[in-house]
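Since the structure comes first, as structure tokens, the remarks are kept for the end.
Derivation of every value follows stated rules applied to the coordinates shown; laboratory data play no part. Quick caveat: nothing in here was measured; it's all calculated off a predicted structure. Glycine gets a Cβ as well: all are built from the backbone with ideal geometry, and neighbour counts include every protein chain shown.
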């Protein structure tokens, strides 16, 4: 059986599903491994363990606390990169996530973070990701229905809001990826 060559392909510049995981910096990954190892050393060698029947509890606590603290270090690394992408103050938000107890700083960050801005391909104005047209030059960024002007998916044949036949619209060729 031959592979399907008619569908869309990923190129080196297109983001994949794991692009958010690639935003975690290397220093954060290395520090998370060191924190996990340090917690294991603490629970298995430093803390007193004279009772052999407590070994399962020591293993459970060591892995649980090690995983929780390493995950928190990875979260701090993610926030330190994500704030730069969103044009926010990196020092302020990273400090807030580190200092506020119990992960409250991370929750506050995810509630208050700014949307990711993209540039208009025509005039280079920064736009929010939900725009269908550039407010400066009226460049069409995403497909819209020709009758009700609501956003549609690039694979839709009919508008989901008004039922208009989208093939009758004169959409730009760059937005007709799946039409025949």
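Annotations for the structure displayed:
- Residue 74 over 20 Å from the mean Cα position of the chain (by Cα) and within 30 Å of residue 128 (Cβ to Cβ): no
- Check on residue 130, surrounded by 13 or more Cβ atoms within 10 Å (Cβ to Cβ) and either out of contact with any strand residue (DSSP E or B) (no Cβ under 9 Å at 6 or more places or on another chain) or assigned to a loop (DSSP other than H, G, I, E, B) (or both): no
- Within the stretch 92-109, the set of residues being free of Cβ contacts under 8 Å to residues at least 24 places away in the same chain and surrounded by 12 or more Cβ atoms within 10 Å (Cβ to Cβ) comprises 93, 94, 95, 96, 97, 98, 100, 104, 105, 107, 108.
- Taking the stretch 44-54 as the range and being surrounded by 10 or more Cβ atoms within 10 Å (Cβ to Cβ) and in a helix (DSSP H, G or I) as the test, the residues that pass are 44, 54.
- Restricting attention to the stretch 55-73, the residues being surrounded by fewer than 18 Cβ atoms within 10 Å (Cβ to Cβ), under 20 Å from residue 107 (Cβ atoms) and touching a residue at least 24 places away in the same chain (Cβ under 8 Å) number 4.
- Of all residues in the stretch 112-127 being farther than 22 Å from residue 97 by Cβ and touching a residue at least 12 places away in the same chain (Cβ under 8 Å), the one that is surrounded by the fewest Cβ atoms within 10 Å (Cβ to Cβ): 121
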